[in-house]
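What follows is a short report on a single structure.
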Amino acid sequence: MPTLKTTVDGLVYQNPFVIGSGPPGTNMKVIKRAFKDGWGGVIAKTVSLDASKVVNVGPRYAKLKSADGKEVIGWENIELISDRSFDKWLDEFKEIKDEYPDGILIASVMEEYNKDAWCEITERCQDAGVDAFELNFSCPHGLPERKMGAAMGQDPDILREVCGWVNEVSKIPVWAKMTPNVTHIEDPTRAALAAGCEGVSAINTIRSVMGVDLETLRPEPTVEGYTTPGGYSSKAVKPIALRMVMEIAQLIRKDFPGRSLSAIGGIETGEDAAQFILLGGDTVQVCTGVMKFGYGHVQTMCEQLLGFMEKKGFETLDDFKGHSLDYFTTHAELVRMQTERKAKEKAAKEGKVVSDAEWDGDDFVKQSDDLARN
């Protein structure tokens, strides 16, 4: 029977499904619920040393629905990082690990461009017992005036420096979370891995405006009549996420073999997860999917992924991780391959010899004539 158990950066996950940082990991109660329902790992909502500057608003979500209105295909949020005190989080990290010692608990951390702050938050979280870090360089909205989130992650030089600070003091694995709001996602990825991060996670949400209400003429979600661009997620972003995961995986394979990749972007089924793993993901993160289907949905996704593996004869995730990367090439190469195939088919149809092995004694004269200039 196939198994979903996998080891990534020395940590043993019972399955590759990880709660992505956001509302589904917003406090100890929901994190415990996630482990109880069987998630392989949980990334807590992003924390900072000073939560007093974090003020969330409502409404802060907007949904894009299918034409019949029955299915949510896109989701925008303007939610900020955790507004709960850092000391409270440290207490909860300890309690969670006491109750679920085998659950992989990952702290998502974000700070300003300040070495002391990054070192302090790293040391205090790891002292509380978390298993790994995810550095949030990718939130596309909120706190840009403090140079946090994507405002930092879009600058590879700053990102490399900050990752270096964290890796100086971290004794546990470190992932850098990549923003998709860049031209080439390989650039910040290379910076993070060169600075010593064990892996990266990608992608975070895509900067967006969900729409405009044609009755009120106000953009959504509307707060006091106004809004701000937010982060776009859910199944509509999956094709973009697959492309960027592929690009990161190719970079890792070429320049950073052995580093890990946690894939994110519209994952709602086991089949979705299989596609990201085929393109190089070691684990897969789900955030909006939990908000749509609940914590228990992980069991359905596990069954679907196991079903795929059994059908294809795969025993472990490593048996097919990155398998589909081999089938990407340039457009010019696609043209060359197709032209070559068509030429061979035409030659075969006309009975012309295209290789020495095709010569035949009975048809030798005809084959010679076919190859001669008229």
remark   = Square roots of five times the C-alpha gyration tensor eigenvalues of region 70-118, ordered largest first and given in whole Å, equal 26, 21, 11
ask   = Relative to the present Cα-Cα distance, how much length would full extension add between Ile73 and Lys5 at 0.36 nm per residue of separation?
value = 21.5 nm
remark   = The Cα extents of region 1-85 along the principal axes, largest first and rounded to whole Å, are 45, 44, 22
task = Quote the FRET efficiency, to the nearest 0.05, computed for Glu120 versus Asp318 with a Förster distance R0 of 51 Å and r equal to the Cβ-Cβ distance.
result = 0.90
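Could you give the length gained on full extension between Glu340 and Val57, defined as 0.36 nm per residue of separation minus the Cα-Cα distance, in nm?
Using 0.36 nm per residue and subtracting the Cα-Cα distance, I get 95.9 nm.
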request  = Could you rank the peptides 354-365, 256-267, 24-35 by their average count of other C-beta atoms within 10 Å per residue, with the highest value first?
outcome  = 256-267, 24-35, 354-365
task = Can you tell me how much longer the chain between Gln250 and Asp360 gets when fully stretched, taken as 0.36 nm per residue apart minus their C-alpha distance, in nm with one decimal?
result = 35.1 nm
query = How many nm separate the modelled label positions at Glu333 and Asp157, each set 7 Å beyond the Cα in the direction of the Cβ?
reply = 3.4
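Can you tell me the alpha carbon radius of gyration of region 275-373 divided by the globular rule-of-thumb value 2.2 N^0.38 Å?
Scaled against compact globular proteins, the figure is 1.96.
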ask   = Summing -39500 (n - 2.57) over the DSSP H runs of n ≥ 4 in the chain and dividing by its residue number, what mean residue ellipticity at 222 nm do you reach, to the nearest 500 deg cm²/dmol?
value = -11500 deg cm²/dmol
ask   = Considering only DSSP beta bridges whose two residues both sit in region 123-247, what percent are antiparallel, to the nearest 5?
value = 45
key: region 56-147, relative contact order in percent, only Cα pairs under 8 angstrom and at least six apart counted   = 25
task = Work out how far the C-alpha atoms of region 74-221 reach from end to end along every principal axis, then list the three figures in whole Å, largest first.
result = 53, 35, 26
remark   = All alpha-carbon distances of region 141-195, grouped into 10 Å bins from 0, give the whole-percent distribution 25, 53, 21, 0
ask   = For Pro156, what charge total do you get from the other residues with a beta carbon under 12 Å from its beta carbon, if Lys and Arg give +1 and Asp and Glu give -1?
value = -3
request  = Please work out the C-alpha center-to-center distance from region 188-206 to region 232-274 and express it in whole Å.
outcome  = 12
task = Please work out the Cα convex hull volume for region 144-296 and give it in Å³ per residue.
result = 146
query = Given (1) 18.9; (2) 25.8; (3) 16.9 as candidate values of mean projected area of the Cα convex hull in nm², which corresponds to the one derived from the coordinates?
reply = (2)
message = If the only charges are +1 at each Lys and Arg Cβ and -1 at each Asp and Glu Cβ, what is the size of the charge dipole of region 239-374 around the Cα centre, to the nearest 20 debye?
response = 540
message = At a threshold of 8 angstrom on Cα-Cα distance, excluding pairs fewer than six apart, so keeping six or more, what relative contact order does region 27-79 reach in percent?
response = 24
key: Volume per residue of the C-alpha convex hull in region 319-366, rounded to whole Å³   = 121
ask   = Can you give me the Cα centroid spacing of region 276-305 and region 49-85 in angstrom?
value = 20
Volume per residue of the C-alpha convex hull in region 232-297, rounded to whole Å³ = 77
request  = Give me the percent of DSSP beta bridges within the chain that run antiparallel, rounded to the nearest 5.
outcome  = 40
ask   = Can you list the HN-Hα couplings for region 226-237, worked out from phi with the Karplus curve (6.51, -1.76, 1.60; θ = phi - 60°), rounded to whole Hz and with x for Gly and Pro?
value = 10, 8, 9, x, x, x, 9, 9, 5, 4, 5, 8
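Please report the relative contact order for region 234-290, taking Cα pairs under 8 Å with a sequence separation of at least 6, and give it as a percent rounded to a whole number.
Reported relative contact order: 41 percent.
Please list, by residue number, every one of the chymotrypsin sites (Phe, Trp or Tyr not before Pro) in region 298-339 that is coil in DSSP and has at most 14 other beta-carbon atoms within 10 Å.
Phe328
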request  = Would you mind checking the radius of gyration and Dmax of region 35-89 based on alpha-carbon positions, in Å?
outcome  = 15.7, 46
note = The answer for Ser260, listing residues at least 5 apart or on another chain whose modeled amide H is closer than 5 Å to its amide H, is Gly199, Val200
request  = Work out how far the C-alpha atoms of region 222-345 reach from end to end along every principal axis, then list the three figures in whole Å, largest first.
outcome  = 65, 40, 33
message = Please compute the alpha carbon radius of gyration of region 93-143, then divide it by the globular-protein estimate 2.2 N^0.38 Å. Two decimals is fine.
response = 1.27
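Laboratory data are not the source of any read-out in this text; all were calculated from the coordinates shown. Just so you know, these numbers come straight off a predicted model, no measurement behind them. Backbone-built Cβ (ideal geometry, glycine too); neighbour counts: all protein chains shown.
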